[in-house]
Structures are given as structure tokens and as C-alpha cells.
Amino acid sequence: MSGARQPAFAALAVVVLAGGVALVLAIAAGRVQSVRVASAAAEARMAAALWEEGGGARAVAGLLGDRATILDAGDGGEGAGAHAYEAGALDPAAWIVVAPRRTGGPWAAFPAVAAIIALAGVALISGWAAGRRRGPTRRRYPAGVALLAVGCIALTAVAAERWADRELRALSAVTVARAAGAVELAMATGADPPRAARVAHLPWARDRALESADGQWTMPAEVASAIAASPERGAAPPLAPPLEKPTGTPHTVEAKGAAWHAARIADIHLAFLGYEHTASPALPLTAAGGLAALLVALALHVVQLAARPRALRRTLAAWSLLAPAAALILAFTLGPLLFSLWISLHEWRLVDPAPLFLGFDNYARLLSDGEWWSAIGNTALFTLHVPAAMAVALALALLTRGSRRAMRWARLALFLPGITSVAAIAVVWKWLLSDRYGLLNRGLERAGLESVPWLTSPDTALLSLMLIGIWMVVGYQMVVFQAGLAAIPRDWYDAARVDGAGSWQRFRHVTLPGLRHTLFFVLVTSVIGSFQVFGLVYVMTEGGPLGATDVAVYHIYREAWEFLRFGNAAAMSWLLFAVVFAATWLHFRFLDTRRAHG
């Protein structure tokens, strides 16, 4: 294979670039289209509620015009629609389906500016690929072309995101306008204001309830306060039916770190969290753009290798062998990591219909969260058992490194806790340390001593868990240390004896230096493991008493699965990762002596 095949690989780079920008455009257009369908479904629910209030087909037509189609109940179930019921009936009377609307002219169906940028970038890269047919063979990496391709992808993603944001804001405003119109029509049919407000299926509050927390049933207090302080509060936009082209635009207020679209009908205020927050394509576009840029860079790398056939064959063979493992890592490791990062940037609850994008607000709140930093402090205190465990493990490794049968049985007994279920160990120790019937306290009482509240006192609970942690890991560490001891040459000890070194001097000047790599490995892995302690706390103390054993991972578990605040829990996980990463880096920076002794 020679440089003659470079144009073919250059064409491959063009194809990859075109596929990447097409993916970006498809994500933006698909997200907007899905929101159009969701908005139409919301309008269908409003129309169904209007029907049920006695407005019937006339009210539905007044609200949505010819975009609404009323079908028999048996013909429904598909598309953006909702069932309408007659008063007191159990079976639906009709299926109201609503056609998704567009928020602008014919170009609103697609991000035109982003498509133009993408086509221009693909055209430029195509010209470069065509030029390689006539130019001399180049062995250098085409850095300029790579930067041009990455810039094209980035600009396409930015333009597509801006287009999507504009479309989603327009759809949000239209949804609020439709809701206000539905309320107005419901009141025209004779419904009282509270019944009419419920037709909109949006958070609402009346004038007198905006500044009274007790009077707000569905609207968040922060949103009500923002509406009450808004200068546009008193202006009710003209939304008389038909509402196909409303002349009034609902105003926006900033609350809870997001823009809420609000509208007023009579003394009723409606609020709607905009689709630009709950359905923003910014993160998917960023991920797609990054993936496209990586693939283009790899394709250009292949273009560079095309002039060296042997290197190209080796590279392609290596990539093909790595691809299955890389796919598994991407699906089951990197994918969940990126999803947790996405969750950490949102207010994400299982009970909420759509997550609210908060940016770095979750992280900012955690910086001042005393309970979280108390959990980090407890975790750091728990980590102090690591040096003690290492010292005990090293002593046991020195005592049991013989080959006699008794030593082999001793090593087996010490190693068993390291391979036993953490839950089983925790249950047994919880019984042993119980205040009322624990064997350890029974033994102390028979010896004439007072019982100790091992797990029920804030002063002793964490210390008890640390002692159990030492007992659990010391056998595993002992085996690792014995492997390190076996790697120390016996000649070093013989030379030390010849020089007159005693047992302590041989341990200090031969054993410890010979175990420096093993000690470093055990220290780093043990610190990381201690920061991840969960099973002992979950089974034995549940974070108590008085939060004395509330460690970081257990705190994250409670935040996610007890309080259902998954956004906060994900942010805590990433902050814990940052703390563990910093601790590991400090270990490598100040304790790893391999370079000095290499």
C-alpha cells in the first residue's frame, strides 16, 4: 500500500466529517420535533379538559382551530392526543388529536444556518481531499485540516443549539398562550376560576395568593414571588379565541435558576418551565460534536499513515482488536459516567416529568452544604485506619511467612475476612457489639468492667467501624506484603548480617526499602477503598448515631434513593471523585519513589 491510496483515506475523512455534522443536525432537529409533539400533546390535554367542562367540540375548535381533530374514542390512541370524557362517564367520549405546530416559516423546520456551516466545512475538506490526488505524498499529520474540521463541527453544534433554543422558547410561549386561552374559554362556559385554572394543567395561582405561601397549591413559591415582583404582572395579553395566532406574548420571569413563562387571565396567573430548560439539546450536541471530532481526528491519522503501509496495517489491526473491549467500556463504564455527569447538571427527580437544567448550581450548593462536608470529614477519619492496618498486616506477614503447616493455616484464617461477604461480616459484628446482648459486652461485664456502647455512641461508633475495617483488610494486605517480601533478594539480608546489622537494622534498611513499591500500592488502593466504604455503615449504623458514621458514599445513597435528589447525588459523586483523585495524586507526587530509585 503506497501514498497512492491517500486520496481514498482522505475521502474517508470527508465522509466521517459529513456523518458527524449530520448527526449534530439530526439531534437538534429531532429534539425540536419531539418537543413539538410534546407541546401538541399538552394542547390536546387542555382541549380534552375543555370538553369535559362542557365546552364540547366548539370550545376545542376555538382553542386550536383546524389543528385539532375529534375522533371516536375507539379510533384514538395514536399521535399527540388525549381522551375526552363526558361528566360522570367512565368510558371516553372522544379522542382529540392535535397536529404538531411549527413556530416559524418554512425554514423553521431545520437549522438552516447550522446546515450552511456544515456544508461549507464539508466542501472545504472535500477540496483538500481532492487536492491530495495531484499533490505530493505528505507524511505529516494534517493539523490545519483537523483544526478546520473540529471548528466546523463546533460551529455547527453552536448554531444548531441556538436554533433549537429559539424554537423551544417559541414553543414554550405558545404552550402558555394556549393554556391561558383554555382558561379563558373554560370561564366563558361558566366554570369558576379554580376549575378553569385546572384546565391548563399548569402551575397556577390567583392574585391574592402570589405573596402568600399558604395560598399556593401548585405553583412553586419562588416562581410566585418572581411573578408578583414582575413589572408585567398586571398586563394580561389579549388571548381571545381563536388562538391560532395570539397577539399577546406571555412574559418570562427568572426563578429557581431558570426562565419561567407566565401568563395572566383575569386574576389567574399561569407558569410554565420552558422547554429550553427541560428539553435542551446542549449536552447531547456537545457529546455528539466531541465524538465526531474524535472520529475525524482518527480518520486523518489514518490518512497520515497511508504513506507507510506497514504502520497502517499494524494500526488498523490494533484498532480492530481493541474495538470490542472499547465498545464494552463505552457502554458500561464511560456511558454511565457521562450520564451521571449529565444528571449532576440537572434537578433530576424520579417524580418529575422532565429534568431542569441547572448548570453548576448543584455543585455550588454542595460547597456550602455542612452535612455533605461532615460526611467527607467522617470518611477522612475512617481513612486513618489504613496506616494501622498496614502496620498490622506487615507484622503478620513477617510472622507467618514460614512454610510450616501451622503458618499456612494461620494465613488462611487471616485471609478469610477479605473474601467474605461484607453484609455477612457486618451482621455478625452488629450482634457481637450490641449493647443489650452482644457477646463482647457480656464478656466485659463478667470481667467486672462496664459495657461499651460500641455502635450507639457518637464517640465510639466510627472507631468501632475502623477496627472492623482493619480486621477485614489485614489478611489481604498480609498476602500482598508476603509477595513483596518474597521478591527481596536473600543476598541483601546475608550482606547485612555480615556487616553486623541486627534485626531492627535489617528491617529498616533492607525490608522497608525492598517493599517500597508494595507499600505504595497497598497505601493507594487502601485509601481509595476506604473512601468507598458503604456496606459496614449501611448494615451496622445507617449513618448514626447523630451522623457520626455518615460517610460520603452512604450520604450519596440516601440523597439519591431516600430523598430522590439524583442531581445532588450525582454532583456529590463527582466531588467525591475529585477528592479521591486529589488524594491519589498527592500519593503519587510525594510518596512514589520509583523515579528516584529507577
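The values are calculated or read from the model by the stated rules, or taken from the named source; none is laboratory data. Values in this document were obtained by computation on a predicted structure and should not be read as measured data. Virtual Cβ from ideal backbone geometry, glycine too; neighbours counted across all protein chains shown. Just so you know, the surface numbers come from the protein's heavy atoms only, side chains and all, with ligands and any DNA or RNA stripped out. Shrake-Rupley method; radii C 1.70, N 1.55, O 1.52, S 1.80 Å.
When shorter helices are ignored and each DSSP H run of at least 4 residues is given -39500 (n - 2.57), the per-residue value for the chain at 222 nm works out to -20000 deg cm²/dmol.
Classify segment 261-419: rounded, prolate or oblate, from the alpha-carbon gyration tensor (a ≥ b ≥ c, eigenvalue square roots; a/c under 1.5 rounded; otherwise prolate if a/b is larger than b/c)? In terms of gyration-tensor shape, oblate.
The portion of the accessible surface of the chain made up by carbon and sulfur, rounded to a whole percent, is 64 (1.4 Å probe; DNA, RNA and ligands excluded). For the chain, the longest principal axis of the alpha carbon atoms and the long axis of helix 385-399 meet at an angle near 30°. Taking every protein chain into account, the accessible area of segment 17-99 amounts to 42 square angstrom per residue (probe 1.4 Å). Three principal axis extents describe the C-alpha atoms of segment 418-523; from largest down they are 58, 32, 21 Å. Rolling a 1.4 Å probe across the protein heavy atoms gives segment 250-310 an accessible surface of 33 Å² per residue. Under the combined filter of DSSP loop state and at most 15 neighbouring Cβ atoms within 10 Å, segment 380-486 retains these trypsin sites (Lys or Arg not before Pro): ARG401, ARG404, ARG436. With the cut-off at 1.5 for a/c, could you classify segment 443-577 from its C-alpha gyration tensor as rounded, prolate or oblate? Verdict is oblate for segment 443-577. Peptides 24-36, 329-341, 117-129 ordered by packing proxy, namely the average of other Cβ atoms within 10 Å per residue, highest first: 24-36, 117-129, 329-341. With contacts taken as Cα pairs under 8 Å at a separation of at least 6 residues, the chain carries a relative contact order of 14 percent. Which net charge results for the neighbourhood of SER464, defined as the other residues with beta-carbon distances under 13 angstrom from its beta-carbon, given Lys and Arg at +1 and Asp and Glu at -1? Local charge sum for SER464: -1.
Calculated from the structure at hand, mean projected area of the Cα convex hull in nm² is found among (i) 25.1; (ii) 31.2; (iii) 42.6 as (iii).
Compared with the dominant principal axis of the Cα atoms in the chain, helix 405-419 is inclined by about 10°. Between 0 and 90 degrees, rounded to the nearest ten: what's the tilt of helix 566-590 against the longest Cα principal axis of the chain? Taking Cα atoms only, the helix is inclined about 30 degrees. Can you tell me, using C-alpha contacts under 8 Å and at least 6 residues apart, the relative contact order of segment 468-571 as a whole percent? Relative contact order comes out at 17 percent. Per residue, segment 463-598 exposes 53 Å² of solvent-accessible protein surface, assessed with a 1.4 angstrom probe and all protein chains in place.
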